[in-house]
Amino acid sequence: MHDLDSHQTPDDAGDAVLELLSTMADRGAVVDITLFSGGQVVSGTLVGRDRWLEQFTARAARGGGGGRQIAEQVQALFRAADQQRADARAARDYLHLAGAQIDGTPRIAEGLLWRGRISEVSGWSLGSL
């Protein structure tokens, strides 16, 4: 489990709690969450990066020839990033949501796979809308 450094607090640069939730999701935990990012409300199920990638590539591949190529290229990008990472701890720069919805009046979109930077989240709450 991702532990906070002994000198780090949840309010230090970035959101250590979101990083912890991301780490837990990468290890199989699934939690509903609502995020406030870029002036939008995004709600869905926080999942691990690998699970998100699996769902993303499956959706892209269903799109036919071009979709399959997109899926292969995205998988290659993720593999290259994994190989370049010198430190054993996976980067916790992004959150991955499945079944996400972007709320507005009316609701803008739902059922999405969403990926966003932790540093761009201005607020969040457990639970989904």
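Numbers below:
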| quantity | calculated |
| --- | --- |
| Residue match in region 104-117 (condition: β-branched (Val, Ile, Thr), on the phi < 0 side of the Ramachandran plot and modelled with pLDDT of 85 or more) | no |
| Tabulated pairs, region 48-68, first under 16 Å from Arg27 (Cα atoms), second among the charged types (D, E, K, R) and at pLDDT 90 or above, C-beta under 9 angstrom, 6+ apart or interchain | Gly48/Asp26; Gly48/Arg27; Arg49/Asp26; Arg49/Arg115; Asp50/Asp26; Arg51/Asp26; Trp52/Arg115 |
| Residue count for region 31-66, restricted to those that are surrounded by 15 or more Cβ atoms within 10 Å (Cβ to Cβ), in a helix (DSSP H, G or I) and either of a type in the set (Ser, Thr, Tyr) or more than 18 Å from the chain's Cα centre (by Cα) (or both) | 2 |
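The values are calculated or read from the model by the stated rules, or taken from the named source; none is laboratory data. If you're wondering where the values come from, they're calculated on a predicted model, not measured in any experiment. Note that each Cβ is placed from the backbone with ideal geometry, even for glycine, and that neighbours are counted across all protein chains shown.
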